[in-house]
Amino acid sequence: MVLTGAGLSTASGIPDFRSPGGRWARYQPVPQPEFLASERAREAYWRYKGETWQLIHAAEPNAAHVALADLARAGRIELLVTQNVDGLHERSGFPPERLVNIHGTDSAVECMVCHRRAPRAVAQAAWEAGTAVPRCDCGGPWKPATISFGQQLVAADLERALDAAAACDLFVAAGTSLVVGPVNQMLPVAREAGARTAIVTASETPYDAAADVRIAAPVEQVLPAVRDQIR
């Protein structure tokens, strides 16, 4: 099984969060309680999300996404759990039944009052037209359907991820710093269950010394090479 993070999408032109020049160099995350409590926080959130959606929407899957989709279609990946919300795994042709978007998706919005969901374009068009905080017909603020800080993960998604980690033969972490919990616990869960583990990412991680294989080369080079070797 595979866990992917923001580093998988940097070659698609989407900056990651923590690296110098990353997304948090210009914007600080707005926790869910702040979004619900403050109109100013909602406006700040939408400035960040509105701008980044323009970038995400224009991005295309890179060679790493395509390699993972090829491996999944060949029956070599049982489950892929992604921390990314950009939808590039789906657009690469990765089988949806083997994909868990553990942090939700930017491609939809949810009303924070009536909890109705709608395509992202509904709210994005309003923001681009000058509405600081797009709102549902019921008057509640729209929020992209992602998991924010202070918001619980979907329990069923987390359970599926951890169960798959405990049952896999090989666990691969690709493009993730493995510092965000509880998803980062997938690696020690897999290791304790007897799986071999590999980390493919440019940044250091807390589990580097524990992994059986550690590769710092770009994921968009490593993963296609792995696919080609398997073929």
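Along its three principal directions, the equivalent ellipsoid of the chain from the Cα gyration tensor extends over semi-axes of 32, 18, 17 Å, largest first. Structural descriptor for the stretch 56-111: relative contact order 38 percent, calculated from alpha carbon pairs under 8 angstrom and at least 6 residues apart. Along the Cα→Cβ direction, 7 angstrom out, place labels at GLN28 and ALA129. What is the inter-label distance in nm? About 3.3 nm separates the two model spin labels. The orientation-averaged projected area of the convex hull spanned by the Cα atoms of the stretch 107-175 comes to 6.7 nm².
Using only Cα atoms, find the angle between the long axis of helix 219-230 and the longest principal axis of the chain, and express it within 0 to 90 degrees, rounded to the nearest 10. Approximately 40 degrees, to the nearest ten.
Using the alpha carbons alone, the radius of gyration of the stretch 78-198 stands to its Kirkwood radius in an Rg to Rh ratio of 1.06.
Take the Kirkwood radius over Cα pairs of the stretch 49-104, plug it into Stokes-Einstein at 25 °C and 0.890 mPa s, and you get 209 µm²/s for translational diffusion.
Modelled spin-label separation between GLU43 and ASP208, with each label point placed 7 Å from Cα along the Cα-to-Cβ direction: 4.3 nm. A protection proxy built from the mean count of other Cβ atoms within 10 Å ranks the segments 52-58, 187-193, most packed first, as 187-193, 52-58. Rolling a 1.4 Å probe across the protein heavy atoms gives the stretch 109-184 an accessible surface of 48 Å² per residue.
Fraction of C-alpha pairs exceeding 16 angstrom in the stretch 139-231: 62 percent, rounded to a whole number.
Here the spin labels are modelled as points 7 Å beyond Cα on the Cα-Cβ line, and at CYS114 and ASP137 they lie 0.6 nm apart. As a length-normalised measure over Cα pairs under 8 Å and 6 or more apart, the relative contact order of the chain settles at 23 percent.
Overall, the accessible surface of the stretch 83-183 at a probe of 1.4 angstrom is composed of carbon and sulfur to the extent of 55 percent. Average accessible surface for the stretch 42-105: 39 Å² per residue, computed with a 1.4 Å probe over protein heavy atoms with every protein chain in place.
Within the stretch 100-124, which residues have the backbone N less than 20 Å from the label spot 7 Å out from ALA167 along Cα→beta-carbon, could you tell me? 100-102, by backbone N distance to the label point.
The values are calculated or read from the model by the stated rules, or taken from the named source; none is laboratory data. Every value quoted in this text rests on a predicted model; they were computed, and no experiment measured them. Note that we place each Cβ from the backbone using ideal geometry, even for glycine, and neighbour counts take in every protein chain shown. All accessible areas refer to the heavy atoms of the entire protein, side chains included, with ligands and DNA or RNA removed. Shrake-Rupley method; radii C 1.70, N 1.55, O 1.52, S 1.80 Å.
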